[in-house]
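Undergrad: Quick one: the structure is below, and I'll ask about it shortly.
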Amino acid sequence: MNLVRLLPVGKVEPSLIEGLRAAIPQRFKVRCDILSVELEPGSFYHPERQQYHSSEILARMQAIARPQGCHLLGITGVDLYIPILKYIFGEAQVGGPCAIVSFHRLRQEFYGLDRDDKILSERLLKECIHELGHTLDLRHCRDYRCAMASAHAVEWIDLREIELCESCSARVQSRRPAGKLRAIYKGFIP
């Protein structure tokens, strides 16, 4: 991975996506840019669930994931699901080029609390690092503090660190050519 392209899926506040554009290269030693186009999520809406099917969005994103070595990260404010779960915060193609993250349930307002942009930005970055980790072929980690820990509730996201644990970093290093990997992961600080 040498480039992460951020794709707005529906309307996304410019400050949120700009914050990610600045923060992702601090974690991964990659270039990060924002696509000037927006993917309209309407055709992925399922009225029986009143949610958007994330796997269908990923399939559409796959068609626009270019060039080689580029990872496409969709950012959306719509509520995502996959058929076996009530909701998800994000989904990624494990070992593939595409991932999507929703901030719908990361907002304090969703839980009846006052708006807090700092908490939202931190949660969103954690989820983006998590889903990008999946695109690098990482699975869920047992260390609840690791960015790759599973989270089925927002409280679990709050417990995570933004970084990969030593074990996950080592797993990535053992699967990739050493020179290229070191360039990607120098940004991870244990």
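Rule-based calculations on the coordinates, nothing more; no lab input. This one's a predicted model, so the numbers in the text were calculated from it and none came from an experiment. A quick note on method: Cβ atoms are made from the backbone with ideal geometry, for glycine too, and the neighbour counts reach across all protein chains shown.
Undergrad: For the range 3-185, what number results from the quotient of the Cα radius of gyration and 2.2 N^0.38 Å?
TA: 0.97
Undergrad: I want to verify a result. In a Gaussian network model of the chain, Cα cutoff 10 Å, which of these has the top mean-square fluctuation: Pro47, Pro25, Pro97?
TA: With Cα springs under 10 Å in the chain, the top fluctuation among Pro47, Pro25, Pro97 is at Pro47.
Undergrad: Can you sort Ser150, Ser36, Ser169 so the residue with the fewest Cβ neighbours within 10 Å comes first?
TA: Ser36, Ser150, Ser169
Undergrad: Related question: In which sequence would Glu38, Glu161 go, from the one with the fewest C-beta neighbours within 10 Å to the one with the most?
TA: Glu38, Glu161
Undergrad: Strictly under 4.7 angstrom between C-beta atoms: which cysteines of the chain have no such partner?
TA: Isolated Cys, the chain: Cys32, Cys70, Cys98, Cys128, Cys168.
Undergrad: Count the DSSP beta bridges whose two residues both fall in the chain, then state the antiparallel fraction as a percent rounded to the nearest 5.
TA: 25 percent
Undergrad: A further question on this structure: Of the listed peptides 72-78, 132-138, what is their order by residue-averaged count of other C-beta atoms within 10 Å, with the highest listed first?
TA: Final packing ranking: 72-78, 132-138.
Undergrad: So, one more: Sort Asp117, Asp79 by Cβ crowding within 10 Å, fewest neighbours at the top.
TA: The fewest-first ordering by Cβ neighbours comes to Asp117, Asp79.
Undergrad: Looking only at Glu127, Glu48, Glu56, which one moves most when the chain is put into a Gaussian network model with springs between Cα atoms under 10 Å?
TA: Among Glu127, Glu48, Glu56, the largest mean-square fluctuation in the Gaussian network model of the chain belongs to Glu48.
Undergrad: Amide H of Leu80 versus every other amide H placed in the peptide plane: which residues, excluding those fewer than 5 positions away on the same chain, fall under 5 Å?
TA: Placed amide hydrogens put Tyr52, Ile88 under 5 Å from Leu80.
Undergrad: Between Arg139 and Asp117, what is the label-to-label distance in nm when each label sits 7 Å out along the Cα-to-Cβ direction?
TA: 4.1 nm
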